[in-house]
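Below: one structure, written as structure tokens.
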Amino acid sequence: MVTKIGLDLGYANITISDSIAEIYREPSVALVYKEPKADQRRIICVGSEAMVRGSEGIGADGSLLVRPFKNGILFDHQITKEIIQRALAALGEVDKLRCAVGVPSDFSPKQEKELFGMLTAAGVETAFSVARPVAAVIGAGYSPAMSVISVNIGALSTEIAIMHRGEVLSLTTAPVGGEDFDRAVKEHILEQGEVNVSLIVARAIKERLGAVWKGRANDSLDIEGTLSLTGNKLKMNVTTEDIVGVFEKPLERLIGAVHAAVLAIPPSAVEDIFKNGIVLTGGGAELYGIDVLMSRVLGISVTKPDGAMDCVAKGLSRINAFVSPRAKVGNKNITAQVAKYYETSKNTRGSK
């Protein structure tokens, strides 16, 4: 029996979705120890275990946390392989594994070839790739033949796909993502009170208190940081009002990138695409009010589905389900053919 999965390799997390859309997620990170007298290193652990152990004292014993992706580029093969193997092991024993893997829009053919090799080494029998923003639309519950603008906000970058009647008109990537919102919080707290907080703390503040549109109830969060001048630890309370307006700069870059992609839509496709507007997905889409703000600024309807963070992985597993077992997709990028496979599958089901 063939087990079909969707695999989303993100800067922050690796996410797997199976055929019934169950989700498995691990941080895309490894705790690494580097030998002090040799150019050698040892991977201690990966995923959530690495995050926990690393946060308890990074650097105290020569260890450090390392992520294998930077700006969409797979730069550390050893760690990527370990993380993939750990994630796939969570599936348990399977006879044959077919994997639809999400890749950045600007992933090079060489990088895809290397990634397919890692998947094969991890026990995947057949693997094929799809651009993340295209998979995200399908994971949000839409047909790949739909005319729509897909905006997927990841941790480090935002990917935008313009889709029209089964054709992917354009794929673009903007270097702005969820971690830019985290850094905005971190920098604001430093500027206001000379207090340093970690990005993990800044992210917690963003998720609990952050908003870019009216309607979020006032709340507060107790945090711990260090005074920049002395290094002494400090406990403080942050409220919703304390971080009003902190996301302005990354939002300008994000919406500017989406606006540029919209302006590039061919006139013949504008009417169809604007009927459906923007589908907003990814972890960065969870920032309170970002869908409303984007809609008001751009004058286009914006839909943010439930579970926006998992839309890419869910979409990949759905694509895997409707691509025929007889299709020759192994080690190929099928982004441009996704709608064709979908229509063929739909016609086949309808004829039975």
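Derivation of every value follows stated rules applied to the coordinates shown; laboratory data play no part. None of these values were measured; they are calculated from a predicted model. Quick reminder, even Gly has a Cβ in these numbers, built from the backbone with ideal geometry, and neighbours come from all protein chains shown.
Here are the numbers for this structure:
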quantity	calculated
Set of aspartates and glutamates with alpha-carbon distance to LYS332 below 18 Å, sequence-local pairs under 8 removed	ASP8, ASP106, GLU112, GLU114, GLU125, GLU167
Under Karplus coefficients 6.51, -1.76 and 1.60, residue-wise ³J(HN,Hα) of the stretch 104-117 in Hz, glycine/proline x	x, 4, 9, 5, 7, x, 5, 5, 4, 4, 5, 5, 4, x
Amide H contacts under 5 Å for THR303, placed H, 5+ residues apart	ILE278, VAL279, LEU280
Tensor-based shape of the chain (alpha-carbon gyration tensor, a/c under 1.5 rounded, otherwise prolate or oblate)	oblate
Karplus-derived 3J(HN,Hα), 6.51/-1.76/1.60, for each residue of the stretch 288-301, Hz, glycine and proline x	4, x, 5, 5, 5, 4, 4, 5, 5, 6, 8, x, 10, 5
Near-label residues of the stretch 180-202 by backbone N, under 20 Å of a point 7 Å along Cα→Cβ of THR230	189-198
Using θ = phi - 60° and Karplus 6.51 cos²θ - 1.76 cosθ + 1.60, couplings along the stretch 213-218 (whole Hz; Gly, Pro as x)	8, 5, x, 7, 5, 5
Top of LEU234, LEU280, LEU171 by mean-square fluctuation, Gaussian network on the chain, Cα under 10 Å	LEU234
Most to least packed among 102-109, 77-84 [average Cβ atoms within 10 Å]	77-84, 102-109
Violating pairs (Cα-Cα greater than 26 angstrom) within the set LYS34/LYS96; LYS81/LYS186; LYS110/LYS206; LYS206/LYS235; LYS81/LYS233; LYS34/LYS233	LYS34/LYS96; LYS81/LYS186; LYS110/LYS206; LYS81/LYS233; LYS34/LYS233
Taking MET309, MET163 and counting other C-beta atoms within 10 Å, the order from fewest to most	MET309, MET163
